[in-house]
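See structure below.
The values are calculated or read from the model by the stated rules, or taken from the named source; none is laboratory data. What you see is a predicted model; the values in this text were computed from it and never measured. For neighbour counting, all protein chains shown are included, and Cβ atoms are generated from backbone atoms with ideal geometry for every residue, glycine included.
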């Protein structure tokens, strides 16, 4: 069995500063790391306050970059982004603020391109199965059900 490295408070602060510099993080990720570092719970708040005061940890910045990235790179819809941010215990205010980062026109353009691309790739002769595959794919990626079903009806007659 491998022995776990123990950290002093200062070492943990430096390690978490670097962790936050590499990529924006949420509080939940930091707390998880603190447990990994075997830090006692009384120290958690001290370290988290330090990270916030020195602007290493900022949930609004995290939620905005998360929303932009998942939308542009993974082509997730708003529902999936909201679900993932809630899972990370992000406040409703920050979730709302993060969704404003997504341009409405770009949102629907991306949705239409994604739906068309997936529609073209489904090799299914049964119309009902084809409809289900397309709808399931788009819903899984977090696109709103009303626009998904409108698009499925538009593409598969």
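Evaluated against (1) part of a helix (DSSP H, G or I); (2) under 17 Å from the mean Cα position of the chain (by Cα); (3) touching a residue at least 24 places away in the same chain (Cβ under 8 Å), residue 101 falls short on exactly one condition, (1).
Quick grid of which residues meet (1) surrounded by 16 or more Cβ atoms within 10 Å (Cβ to Cβ); (2) touching a residue at least 40 places away in the same chain (Cβ under 8 Å):
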site: 25; (1), (2): yes, no
site: 29; (1), (2): yes, yes
site: 41; (1), (2): no, no
site: 56; (1), (2): yes, yes
site: 59; (1), (2): yes, no
site: 65; (1), (2): no, yes
site: 68; (1), (2): no, no
site: 76; (1), (2): yes, yes
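Among the numbered conditions (1) in contact with a helix residue (DSSP H, G or I) (Cβ under 9 Å, 6 or more places away or on another chain); (2) assigned by TED's automatic domain parsing to the domain that holds residue 146, the only one that residue 128 does not meet is (1). Cβ-Cβ distances below 6 Å connect the following pairs, each with a first residue in the range 136-157 that is modelled with pLDDT of 95 or more, a second residue that is part of a loop (DSSP other than H, G, I, E, B) and surrounded by 16 or more Cβ atoms within 10 Å (Cβ to Cβ), and a separation of six or more residues or different chains: 141/76; 141/77; 142/76; 142/77; 143/77. Among the residues in the range 133-147, are any surrounded by 15 or more Cβ atoms within 10 Å (Cβ to Cβ) and over 22 Å from the mean Cα position of the chain (by Cα)? Yes - at least one qualifying residue is present in the range 133-147.
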